[in-house]
Each structure stands twice: as C-alpha cells, then as structure tokens.
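Here the structure comes first, spelled out in structure tokens, and everything after it is commentary.
The values are calculated or read from the model by the stated rules, or taken from the named source; none is laboratory data. Note that this is a predicted model, so its numbers are computed, not measured. Reconstructed Cβ throughout: ideal geometry from the backbone, glycine too, with neighbour counts over all protein chains shown.
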Ligand SMILES: [Zn+2]
C-alpha cells in the first residue's frame with residue numbers, strides 16, 4: 001500500500017464528475033501528481049543507479065551500452081507497454097589516458113587543469129608554443145597569420161555574468177569551444193585552449209562538443225579551468241613569450257550502433273497519437289552525467305510511473321524516449337524523428353528535460369499561436385508550485401527534429417543559476433542533484449502531460 005497516496009483513480013474521477021469547474025478538477029489532479037512524486041517518487045533512486053553503477057556514458061562507449069540495457073530493463077520493470085530499442089548510428093571518440101597542459105615562465109613550471117574537448121584530435125607527442133590570447137574571432141582576424149602562426153591560441157572570453165539567463169550566457173560564449181580550433185587553425189595556430197564555459201571561478205575544466213571545419217587543418221583543442229585561464233592570462237601580461245605545452249591522446253574510431261530506448265502507456269481513445277517525454281541517455285565522459293542529462297532521463301521515466309500509479313487515464317499514448325547521442329551528434333533525436341516520419345506516427349506534443357535537475361520554473365514552447373495561448377492559460381494551475389515561466393523559446397535538442405506545423409514542443413525550464421557550475425565537468429555527479437528539486441521537475445512535466453491530454457487543442 002502506498003501510504004501517502006492522496007487520491008485513487010476512483011477518487012480522481014469522482015472529483016472530475018462532482019460539478020467542480022475544470023480549474024478545480026485540474027488543480028486537484030495536479031496536486032495528486034505532485035503528492036505522488038514527492039511521496040513515492042523513484043527518480044532519485046534511479047538516478048543513483050545510473051550515476052553510480054554506470055557513470056559517464058559517452059556515445060559509442062561500453063558504458064552507453066550498459067545505460068541502454070539499464071533503461072530498457074527499468075521501463076520493463078515498471079510494466080510499460082511496447083518497450084523497445086531503436087537503432088542509432090553514433091560516433092565513437094575517446095579521450096585516451098594522456099591529457100595535460102602546463103606553461104613555463106621564468107624557469108618555473110605551472111600546471112593547468114585541462115580536459116580535451118569532445119571530438120578533438122590527439123597530439124603526436126607534446127606540442128609547445130607561445131600563447132596568443134583573444135576574446136573572440138574578430139580579434140583573431142585582426143592579429144592574422146603573422147601573429148598567430150605556430151602559436152597556441154587561448155580563447156578567454158568569459159560567459160557574460162550580467163545575463164540572468166545562464167543559458168544565454170553560455171550561448172554567447174560557446175562558439176569559442178565549438179569552432180575555436182578551426183578558426184585558430186586558419187591562421188596557422190598549432191593548438192587551441194578554451195576557457196571553460198561556467199560562471200564559477202574554480203579549477204575544474206569543462207569539456208563539450210567541438211567541430212572541425214572541412215578543408216581546415218585539425219589542431220588539438222583543450223578546455224582549461226577558469227582559474228587557470230585567468231592565471232595564464234596574467235602570466236602572459238608579465239611574460240608574453242612564455243611557452244605552453246600540451247599533450248593529449250584522443251582518438252576517433254568508426255561509428256557504432258547504439259539505440260534510443262522507448263516505452264509507452266497506451267492511450268485509451270487516441271492510441272495512435274503520441275505525447276513524448278524524454279531526455280538524453282548519453283553524457284560526456286567525465287563526471288557522471290547527473291544533471292546532464294541523467295536528471296531528464298529519470299524525470300521522464302517518473303512521469304510515466306506516476307501517471308500509471310495514479311491511474312490517470314490518458315486518451316493519447318504517452319511515450320518516454322531515452323535519446324542517445326545528444327552530446328556529440330544528436331543522432332538519436334534525428335533518427336527518432338526520421339522514423340516517426342517514415343512510419344507516419346502522429347506526434348501531438350513532446351516535452352524535453354535537459355537543463356539540469358534543479359527546481360522547475362516553467363516551460364518554453366515551440367508551437368503555433370493557439371497552442372501558445374492555451375499553454376499560457378495554464379500558468380495559474382502551477383502557481384502553487386512556484387512554476388511560472390510560460391513563454392516561447394527553444395524546447396530541446398533531442399525533440400527539435402520532430403518540429404512540424406502541428407506538434408507542440410516544450411522544454412522544462414529549471415532554475416539555471418548553478419547548472420553550468422557542473423555541466424560537462426567531473427562535478428556533474430549524483431551528489432550535486434537535490435532529490436526534492438529533481439522530483440518537483442518530474443511532477444511538473446507529468447502535470448503538463450495531463451493538461452495536454454485532457455485540455456489540449
Ligand atoms: Zn544535455
């Protein structure tokens with residue numbers, strides 16, 4: 001017996017038919033969803049297993065295979081229907097065991113904390129050179145080949161601390177990480193060092209995807225901790241001729257087949273229309289992928305568990321999709337959308353959680369005016385839970401390929417102030433996720449699923 005369960009299915013239906021307004025009925029059902037997740041939620045325990053028994057799970061790795069098997073077993077253990085995997089071709093890159101960088105100035109050696117950017121080429125032994133520091137690609141262009149040739153470029157533009165939306169600050173700085181190496185190589189640089197994308201001033205380097213431009217020579221690229229990027233910058237002011245030495249042993253192998261994992265609760269009236277909840281099962285290869293995106297995975301599974309436990313009848317089929325390969329290719333999201341298209345599966349709405357397991361604050365929607373207006377009208381229902389941001393904006397990388405004229409896409413907005421402290425670093429571990437905040441996020445998504453199905457367009 002679930003001792004905290006406030007309302008049974010019978011109770012819910014009685015409430016629904018007792019002459020209450022829709023608002024009262026919806027409020028009662030949403031309250032029961034939050035109560036179920038806060039009292040009986042299993043997402044935190046599931047996150048512990050994913051983080052501690054499997055850990056980091058970059059696409060192509062054996063750990064990603066383990067995560068796929070874990071996900072499928074878990075969905076089956078909950079008795080979800082049509083549990084299956086969907087094959088996805090993913091890249092297989094490894095950082096290898098060698099990874100360091102240091103500088104020497106005045107006969108003293110200073111170690112810097114670094115981590116290879118995902119997708120970087122390795123070095124054939126140590127490479128050394130003078131360092132040229134820039135804040136952006138425009139400065140690099142002004143310096144030109146004359147000043148850059150044969151050197152290591154330090155991209156040292158911090159995330160803008162004045163932006164309240166940390167995602168926007170991240171977006172404003174991440175072209176250094178994504179394209180810095182190729183931009184530097186255009187002017188003959190031999191290596192790239194990129195300031196870690198975080199507001200935190202600490203010694204943890206943060207990895208993340210980088211991409212080489214076709215036709216440009218590939219040079220190795222390292223993320224450097226914010227503290228060490230700042231120290232190196234100060235050292236350069238005193239000694240512009242100091243030398244930096246780096247070494248890394250990354251390798252790119254042939255693509256391998258991995259999978260998205262899918263499970264369902266079949267709809268009672270419109271089983272051929274789908275509502276998707278999901279996150280990405282892969283993570284970077286350092287830390288445990290706890291916030292990014294273990295949180296989104298276990299929350300999405302919890303949505304189905306809670307709705308099933310409460311016996312809330314859904315007209316449409318609710319699907320959970322554990323997407324693979326968000327971090328370095330998005331092949332899971334692209335493959336899922338391609339199969340939806342090929343098999344003509346009508347997708348009504350999709351919700352992604354991929355911004356950390358912090359206190360939920362609202363959702364962003366990508367949809368038409370009708371969908372947006374209805375969505376906004378639900379804001380009052382979430383007021384008791386401090387969930388109040390109902391606005392337009394980007395939904396999520398994995399579900400975005402589903403976009404068409406009819407589907408509504410949603411991204412959960414958690415509080416983002418601390419997300420980038422952990423993101424893509426060895427600090428993204430289970431211990432840094434708060435149980436209650438994680439559960440509130442799951443309940444918030446489940447409540448939106450209920451509203452979409454019961455009150456949607
Ligand atoms: Zn993510």
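In this structure, residue 439 qualifies as in contact with a helix residue (DSSP H, G or I) (Cβ under 6 Å, 6 or more places away or on another chain) and in a helix (DSSP H, G or I). None of 171, 150 is modelled with pLDDT of 95 or more and not in a loop (DSSP other than H, G, I, E, B) except 171.
Return yes when residue 297 is within 11 Å of the ligand (Cβ to nearest atom) and touching a helix residue (DSSP H, G or I) at 6+ places or on another chain (Cβ under 9 Å) and no when it is not. So residue 297 fits the description; yes. Only one of the numbered conditions (1) over 13 Å from residue 281 (Cβ atoms); (2) more than 16 Å from the ligand (Cβ to nearest atom); (3) outside any loop (DSSP other than H, G, I, E, B) is not met by residue 351, and that is (2). Residues in segment 354-379 that are closer than 24 Å to residue 332 by Cα and within 16 Å of the ligand (Cβ to nearest atom): 354, 355, 356, 357, 364. Do we have any residue at all in segment 265-287 that's within 14 Å of the ligand (Cβ to nearest atom), touching a residue at least 24 places away in the same chain (Cβ under 8 Å) and in a helix (DSSP H, G or I)? Scanning segment 265-287, I find no residue that is within 14 Å of the ligand (Cβ to nearest atom), touching a residue at least 24 places away in the same chain (Cβ under 8 Å) and in a helix (DSSP H, G or I), so the answer is no.
Taken over segment 373-387, the criterion of being out of contact with any strand residue (DSSP E or B) (no Cβ under 6 Å at 6 or more places or on another chain), touching a residue at least 12 places away in the same chain (Cβ under 8 Å) and part of a helix (DSSP H, G or I) is satisfied by 374, 380, 381, 382, 384, 385. None of 155, 204 is crowded, with 17+ Cβ neighbours inside 10 Å and within 20 Å of the chain's Cα centre (by Cα) except 204.
Among the residues of segment 184-217, count how many are out of contact with any helix residue (DSSP H, G or I) (no Cβ under 7 Å at 6 or more places or on another chain) and part of a loop (DSSP other than H, G, I, E, B). Steps first, please.
Residues of segment 184-217 that are out of contact with any helix residue (DSSP H, G or I) (no Cβ under 7 Å at 6 or more places or on another chain), as a first pass: 185-186, 190-191, 193, 204-207, 214-215.
Still in the running and part of a loop (DSSP other than H, G, I, E, B): 186, 190, 204-207, 214-215.
Total meeting the criteria: 8.
Checking the structure you have, find out if any residue of segment 332-345 is within 12 Å of the ligand (Cβ to nearest atom), farther than 26 Å from residue 440 by Cα, crowded, with 24+ Cβ neighbours inside 10 Å and in the same structural domain as residue 56 (by TED's automatic domain parsing). Yes, segment 332-345 has at least one match.
Just to confirm my filter: which strands (runs of 3 or more DSSP E) fall fully inside segment 25-135 and include at least 3 residues that are not assigned by TED's automatic domain parsing to the domain that holds residue 194? Steps first, please.
Numbers: elements: 81-94, 99-105, 108-112, 114-116, 127-134.
Result: 81-94.
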